[in-house]
Amino acid sequence: MTPPFHRPLRTTASLLPVALICAVCSCVPIPDPPQPPATAPPATAPPTTAPPTTTAPRPTTTSTTTTPLAVYQPYAGTAAGVAPVGRTSLGQLRTADGRTRSYRLHVPASLDPSTPAPLLVALHGGLGSSDQFRANSGFDGLAEANRFVVVYPDGIGARADGTGPQTWNGGYCCGPAARQDVDDVGFVRQLLDRIATELPIDPTRTFAAGHSNGGIMAYRLACELSDRIVAVGVQAGSLGVDDCAPLTPVSVIHLHGTDDTNHPIDGGAGTGVAGVTFRPARDAVEALAAANGCDPSSTPGTDPLNPDLTVSTWTPCRDGAAVRLVVVDGATHAWMGRPASSELASGFVGEPYPDLDASRAIWSFLASHPRG
């Protein structure tokens, strides 16, 4: 096996009750009975039978209630990203299938070396790269503010030597990685092993997040690497494998925009270059909810500060897991809440939706769903 290559890159400085009460009161006046004559028997005499009277109906009350919407707080428990001042390095490893694979690792300066740290595996989209997703997602800054390690693996390049636009084998997508049936699950497993020999990593807080083809890959890790991956976050992805049977429940948050034409939220071919008929986003979350033993009925939720968000959450699930779908009205395929990678990228995937920071929302969910 080729010895590991690892060189430093740089240091970066209500129930909302709704009740409608209708009161209907009908009173029928009843005349006074005739007064007895003066010679009438005393009051102690046996009473006479009074004629029947008509009793007015009691007022009726009709109330209508609605099922409360759970309040969704997308950034709960997290700090906003800051300028990263930790250590970033590049590394390579030789995989069991004979390939040399590369990755980018960021260790924040805020990390406590005496405490096992959470780890996030951040998976770029199709035709992207580790450096592109690092810049586009802002996960380095979030890692600095929230004290977690982040690693950005590279997929397989389209060129014969493995360089060029990168893709992942998420199952039915995408590109050379899928066509060549590259063992990307095995690569991620080896990468986790490598990092664990270098840093104190908390195995109960080892997560993955991905965009588009990277999101499809994150779903595959949830299905096939559940002994290592605790929870996944996805934007604009789908489930690319036919059989998903995680050995241990894996929590999932999935963000998807209604105006995503590259990977349509309801499935279909899309406008990108993948050449794949994508599966619907909801099929993915429902499959993971079933695999995790969740209640089959989802709970609706809303963000009072952002009416564009429609939230569905499947819980309870086995072992404290949860599955959540956040539909974002008007959002395109671009990574939400962050500046576009380039003008060319905007023309290809649309302008980023500005009112939801996908990176922070995903980290908020992941951090709140450790294992055990």
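Considering only the other residues whose Cβ falls under 13 Å of the Cβ of VAL327, what net charge follows from Lys and Arg at +1 and Asp and Glu at -1? Here the charged neighbours net out to -4.
Among 313-325, 289-301, 208-220, the peptide with the highest mean count of other Cβ atoms within 10 Å heads the list, and the full ranking is 208-220, 313-325, 289-301.
Applying the Karplus relation 6.51 cos²θ - 1.76 cosθ + 1.60 with θ = phi - 60° to the stretch 325-336 yields 3J(HN,Hα) values of 10, 10, 8, 10, 5, x, 7, 8, 7, 4, 4, 6 Hz, where x marks Gly and Pro. Charged neighbours of ALA83, selected by a Cβ distance under 10 Å, balance to -2 (K, R count +1; D, E count -1). Cβ-Cβ distance of THR277 and ALA158, R₀ of 25 Å, FRET efficiency by 1/(1 + (r/R0)^6): the value works out to about 0.75.
Could you tally the net charge around VAL230, taking each other residue with its Cβ under 12 Å from the Cβ of VAL230, Lys/Arg +1 and Asp/Glu -1?
Net charge in that neighbourhood comes out at 0.
No value in this document is a laboratory result; all are computed from the given coordinates. Owing to the predicted nature of the structure, the values given are computational and were not obtained by experimental measurement. Using ideal geometry, Cβ is built from the backbone for each residue, glycine included, and neighbour counts are taken over all protein chains shown.
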